[in-house]
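The values are calculated or read from the model by the stated rules, or taken from the named source; none is laboratory data. Computed from a predicted model, the values in this text were never measured in an experiment. When we count neighbours, we look across all protein chains shown, and the Cβ atoms used for this are built from the backbone with ideal geometry, even at glycine.
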Amino acid sequence: MEFFDFGTIFFLIAAVVIFFQLRNVLGRRTGNERPPFDPYTAGRTAKDAPAKTSENVVSLPRGRKTPVEGVEDSYAEIDAFEKPGSELNKGLRAIRDADPTFEPKSFIEGAKMAYEMIVMAYADGDRKTLKNLLSREVFDGFVAAIADRESRSEKVQSSFVGIDKINIVSAEMKGSEAHVTLRVVSELISATRDKAGEVIDGDPETVAEVKDVWTFARDTRSKDPNWKLVATEEEE
């Protein structure tokens, strides 16, 4: 029994000593610790992060702030993305000239996020989200369609499955505005129900393939890094 008491006291003292040693080694919070890992911002430095905007705005990822040395080298990523000499390559180069941070691959990744948000916001009738992602003209068209649907007490039940393919099909500068058009092939489960809950369009059990041609634009003179959807077309 005495041995047990002595052993217990010994381990308690050892635990206290270890605790203080760990505290000294690990230290206390100083305010300089790295923030928790965020999968949505991984790989982006503080200087690359866009200015704080509305919570529903999607900033399509942008590249480095300073082009690499040499005129031709500054187009290396574009030339690797699209064969030099093609109309698309020329358009992407023109955008890069106006915005040295523009990178096609990063743009596509951001466009994927924007596409899903817009599709689901339209299905849900979420005007607030749409307003931050669409140009005024496109927003008005979407809202009119939503209002028409609501006037008949119809509801859209949608589930976004994913994007199969997404490609940039054209790029150009229109004055100071950069325009990038993408062809998107996605999979969506969607059904429209009437006031009684009966399915009047689509199928709630079937995955449908959807083909869209969307154009995003951004004024390269603006400090606002966000691109907005300016044109939509459903491909047959």
Within region 144-192, the count of residues that are in contact with a helix residue (DSSP H, G or I) (Cβ under 6 Å, 6 or more places away or on another chain) and either farther than 16 Å from Tyr115 by Cα or among the acidic types (Asp, Glu) (or both) comes to 5
Under 6 Å between Cβ atoms, at least 6 apart or on separate chains: pull out the pairs that start in region 141-160 with a residue that is in contact (Cβ under 8 Å) with a residue 40 or more places away in the chain and end on any residue that is of a type outside the set (A, V, I, L, M) and outside any strand (DSSP E or B). Ser153/Lys195; Glu154/Asp194; Gln157/Pro204; Phe160/Glu116
Out of curiosity, is Ala147 in a helix (DSSP H, G or I), modelled with pLDDT of 95 or more, of a type in the set (A, V, I, L, M) and surrounded by fewer than 16 Cβ atoms within 10 Å (Cβ to Cβ)? yes
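Collect the residues in region 149-167 that are closer than 19 Å to Gly197 by Cβ and among the charged types (D, E, K, R), keeping them in residue-number order.
Here is the first cut: in region 149-167, the ones closer than 19 Å to Gly197 by Cβ are 149-159.
The answer is Arg149, Glu150, Arg152, Glu154, Lys155.
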What strands (runs of 3 or more DSSP E) lie completely within region 163-231 and have 2 or more residues being basic (Lys, Arg) and surrounded by 14 or more Cβ atoms within 10 Å (Cβ to Cβ)? 177-193, 208-219
